[in-house]
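To keep things clear, I will list the structure first and then write my remarks on it.
The values are calculated or read from the model by the stated rules, or taken from the named source; none is laboratory data. Since this is a predicted model, take the numbers as computed values, not measurements. As a convention, Cβ positions derive from the backbone with ideal geometry for all residues, glycine included, and neighbour counts pool all protein chains shown.
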C-alpha cells in the first residue's frame, strides 16, 4: 500500500500513482486529515529542517494540498487501477460521504494526534464510524496498536483490520526487515494469547494452529468474551 498525500500538482500525483501501480502496489491510501501541517513544537525547538533536495515521491516543501475536496477523490478513482483507501476519518458523517464516494476502505486515524492535539482516540471514534458504515466497506483502525490486546479490543469494536506504525519503524531501524518480521510475530503471539484468555470461540482453532492447548476459561472472562461477540 502506498500512502498518497494528494499534492497540488495533479500530473505529478497521477505519475506517482501509476508508478506505484506498475511496481505492483496493491492499494492507494489518501491521507485526508492533513490539509496543512499542525504545530510541531519539538521540531520548532530543535529547529529541524530538511535540506533542499529532490525527492521521488514528494514535490517541493509545500506538498500538502489545502484545497483537497471529495471531487479529488472522484478524480483519483477515475484512473486508479488499485483500491482506494481514505485515511484520517474520525467523523461518522465523513465516513458516510466516503462510502458514497465509492472508496474501498476507510481508515479511522487521528494522524497520531500530531497534527491536531486533543482529537478523540481512534479506539473511541471507531465504533461510531463502524455503526454508520454498517458493513458497506471494511473499516480499519490506525493508532495506538502496541500490544496484541490492542488488536483484540479493536476487533471487538468493529475493526476489520489494524495498522501498526511506530513499532515496526522502531524495529526496522534496529534490525531491518528481520526486525519488522519480529514485531509482527510478537503481535500475533500476543493476539492469540489474548483471544484464548478471553475465551473467544475462534481461539480454539487458533490454538490448534499455533500449538497451544485450549484453556478452561473463567466465568468472568467468558462473559467478557460474549460481550466481544455481541
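In region 93-102, the count of residues that are part of a loop (DSSP other than H, G, I, E, B), at pLDDT 95 or above and within 16 Å of the chain's Cα centre (by Cα) is zero.
Being over 24 Å from residue 40 (Cα atoms), in contact with a strand residue (DSSP E or B) (Cβ under 9 Å, 6 or more places away or on another chain) and surrounded by fewer than 15 Cβ atoms within 10 Å (Cβ to Cβ) is true for just one of 102, 134. Which residue is that? Full working, then the answer.
On the way: 134 fails: in contact with a strand residue (DSSP E or B) (Cβ under 9 Å, 6 or more places away or on another chain).
Of 102, 134, the one residue that is over 24 Å from residue 40 (Cα atoms), in contact with a strand residue (DSSP E or B) (Cβ under 9 Å, 6 or more places away or on another chain) and surrounded by fewer than 15 Cβ atoms within 10 Å (Cβ to Cβ) is 102.
Within region 10-32, the set of residues being touching a helix residue (DSSP H, G or I) at 6+ places or on another chain (Cβ under 9 Å) and either surrounded by fewer than 14 Cβ atoms within 10 Å (Cβ to Cβ) or farther than 20 Å from residue 102 by Cβ (or both) comprises 10, 18. Has region 53-62 got any residue that is within 22 Å of residue 133 (Cβ to Cβ), touching a residue at least 40 places away in the same chain (Cβ under 8 Å) and surrounded by 15 or more Cβ atoms within 10 Å (Cβ to Cβ)? Scanning region 53-62, I find no residue that is within 22 Å of residue 133 (Cβ to Cβ), touching a residue at least 40 places away in the same chain (Cβ under 8 Å) and surrounded by 15 or more Cβ atoms within 10 Å (Cβ to Cβ), so the answer is no.
For region 124-230, list the helices (runs of 4 or more DSSP H) that sit wholly inside it and hold at least 2 residues that are modelled with pLDDT of 90 or more and not assigned by TED's automatic domain parsing to the domain that holds residue 30; which are they? Working first, answer last.
Values: elements: 148-156, 166-198, 202-210, 219-229.
In region 124-230, 166-198 are the helices (runs of 4 or more DSSP H) which contain 2 or more residues that are modelled with pLDDT of 90 or more and not assigned by TED's automatic domain parsing to the domain that holds residue 30.
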